[in-house]
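Novice: This is the structure I have questions about; it appears just below.
The values are calculated or read from the model by the stated rules, or taken from the named source; none is laboratory data. Given the structure is predicted, the values throughout are model-derived calculations rather than measurements. Backbone-built Cβ (ideal geometry, glycine too); neighbour counts: all protein chains shown. Quick note on the areas: whole protein, heavy atoms, side chains included, nothing else; ligands and nucleic acids left out. Shrake-Rupley method; radii C 1.70, N 1.55, O 1.52, S 1.80 Å.
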Amino acid sequence: MTANNHTKPLFIIGGTFDPIHFGHLRMAVEVQERFPEAEVAFLPCGQPGHREPPIATAWQRLAMVQRALEHFPGFTLLTDELDGPGPHYTVATATRLRQRYPNRAIVWVIGNDASGGIHRWRGAEQLPSLIHLLCCLRPNYPIPTAEGFNRVQCALLTTRPYGQMAWLELPALDISSTLIRERVKMGRNILGLAPESVCHYIEHYQIYRQTEPTGNQRN
């Protein structure tokens, strides 16, 4: 699903979402409040290229994101990385989006944990000609740098289609997908860490009770 107005800046929150939780959603809310004129979209990754395969299938993770976004109607969902075989890399998705929206500001939103490894991403040298970066930092974290991007203040981030990097300080939420998976594996309650509909979905399909990826079946 995409917005009708393709001239709006597009802010993309990507990830495996294994599972999606309130930390992801809070980040999106903060971005939306800071850039009310923009479209904020979630982009689930089917098969990531830089890390171990997720435990939940791509379709289970998509279903969990869909359930989470039912409570946040202001956000949209992109499924570009769920179509076709993986692995999926940011540079390939960013290239497709740039071809689709040649003059639109496209902003990849990343956490401070990911920002230090941008130089190791496949095709990292191409990214400044495709997208902007917005680093969401925890308080008192150093401001990262990324080669090829011009560092600007947030207010200037959407003044051109690509090539700039800004940062946004966020309140820390001590929630992670790893924490949720570990709690489920131990049989502990996860309510309050993710939307209730996501928690019920995990319980219904017994996701994360096992430690190996569950294949590509759809639920």
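Novice: Looking only at 105, 38, 124, which one moves most when the chain is put into a Gaussian network model with springs between Cα atoms under 10 Å?
Specialist: Checking each option, the largest mean-square fluctuation is seen for 124.
Novice: If the only charges are +1 at each Lys and Arg Cβ and -1 at each Asp and Glu Cβ, what is the size of the charge dipole of region 82-188 around the Cα centre, to the nearest 20 debye? Could the numbers behind the result be given before it?
Specialist: Numbers: 13 positive and 7 negative charges, 56 e Å.
In total the dipole reaches around 260 debye.
Novice: Using a 10 angstrom cutoff on alpha carbons, build the Gaussian network for the chain and name the most mobile of 130, 156, 69.
Specialist: Comparing 130, 156, 69 in a Gaussian network model of the chain, the most mobile one is 156.
Novice: If you roll a 1.4 angstrom probe over the protein chains with everything in place, what fraction of the accessible area of the chain belongs to carbon and sulfur, to the nearest %? Provide the component values of the computation, followed by the final result.
Specialist: Working: 5230 of 10880 Å².
Whole-percent figure for carbon plus sulfur exposure: 48.
Novice: Quick check: convex hull of the Cα atoms in the chain, volume per residue, rounded to a whole Å³? Show your work: numbers first, answer last.
Specialist: Values: hull volume 25.9 nm³, N = 219.
Per-residue hull volume (Cα only) is 118 Å³.
Novice: I'd like the GluC sites (Glu not before Pro) in region 112-204 restricted to DSSP loop residues with at most 14 other Cβ atoms within 10 Å, sorted by number.
Specialist: On the way: sites: 125, 147, 169, 182, 196, 203; in loops: 147.
Hits after loop and neighbour filter: 147.
Novice: Restricting things to Cα coordinates, could you compute the convex hull volume per residue of region 155-206 in Å³? The partial results should precede the final answer.
Specialist: Numbers: hull volume 7.7 nm³, N = 52.
With only Cα atoms used, region 155-206 gives 149 Å³ per residue.
Novice: Taking the Cα centre of the chain as origin, sum charge times position over the Cβ atoms of Lys and Arg (+1) and Asp and Glu (-1), and report the length of that vector in debye to the nearest 20. Kindly include the intermediate steps, with their values, before the conclusion.
Specialist: Working: 21 positive and 19 negative charges, 44 e Å.
Roughly 220 debye for the chain.
Novice: So, one more: May I ask for the longest run of the chain untouched by trypsin sites (Lys or Arg not before Pro) that are loop-located per DSSP and have at most 15 neighbouring C-beta atoms (other than their own) within 10 Å?
Specialist: 52-121
Novice: Another question, then. Given a Förster distance of 22 angstrom, what is the FRET efficiency for residue 22 paired with residue 185, based on the Cβ-Cβ distance and rounded to 0.05? Don't jump to the answer; show the numbers that get you there.
Specialist: Numbers: r = 20 Å, r/R0 = 0.90.
That gives a FRET efficiency of 0.65.
Novice: Further question: As a test of the formula, what do you get for the chain when each DSSP H run with n ≥ 4 contributes -39,500 (n - 2.57) and the sum is divided by the residue count, at 222 nm and rounded to the nearest 500 deg cm²/dmol? Mind dumping the intermediate values first?
Specialist: On the way: 6 runs with 59 residues, N = 219.
So the calculated ellipticity at 222 nm is -8000 deg cm²/dmol.
Novice: Length gain on complete extension for the stretch residue 125 to residue 203, per 0.36 nm per residue less the alpha carbon to alpha carbon distance?
Specialist: Numbers: separation 78, 0.36 × 78 = 28.08 nm, distance 4.19 nm.
Contour length minus Cα-Cα distance gives 23.9 nm.
Novice: If amide H atoms are built 1.01 Å from N in the plane of the peptide, which residues on other chains or at least 5 residues away come under 5 Å of the amide H of residue 165?
Specialist: Distant-sequence amide H within range of residue 165: 133, 150, 151, 152.
Novice: Taking the chain as a Gaussian network, where each spring joins two C-alpha atoms under 10 Å apart, which residue of 134, 193, 173 fluctuates the most?
Specialist: The residue with the greatest mean-square fluctuation here is 173.
Novice: Accessible area per residue for region 14-97 in Å², computed with a 1.4 Å probe and the full protein assembly in place, what is it? Can you show the working numbers first?
Specialist: Numbers: 3130 Å² over 84 residues.
Heavy-atom accessible area per residue stands at 37 Å².
Novice: Right, next: Quick one: length gained pulling residue 178 to residue 140 fully straight, 0.36 nm per residue minus the C-alpha distance? Could you put the intermediate results ahead of the total?
Specialist: Working: separation 38, 0.36 × 38 = 13.68 nm, distance 2.35 nm.
Between residue 178 and residue 140, full extension yields 11.3 nm more.
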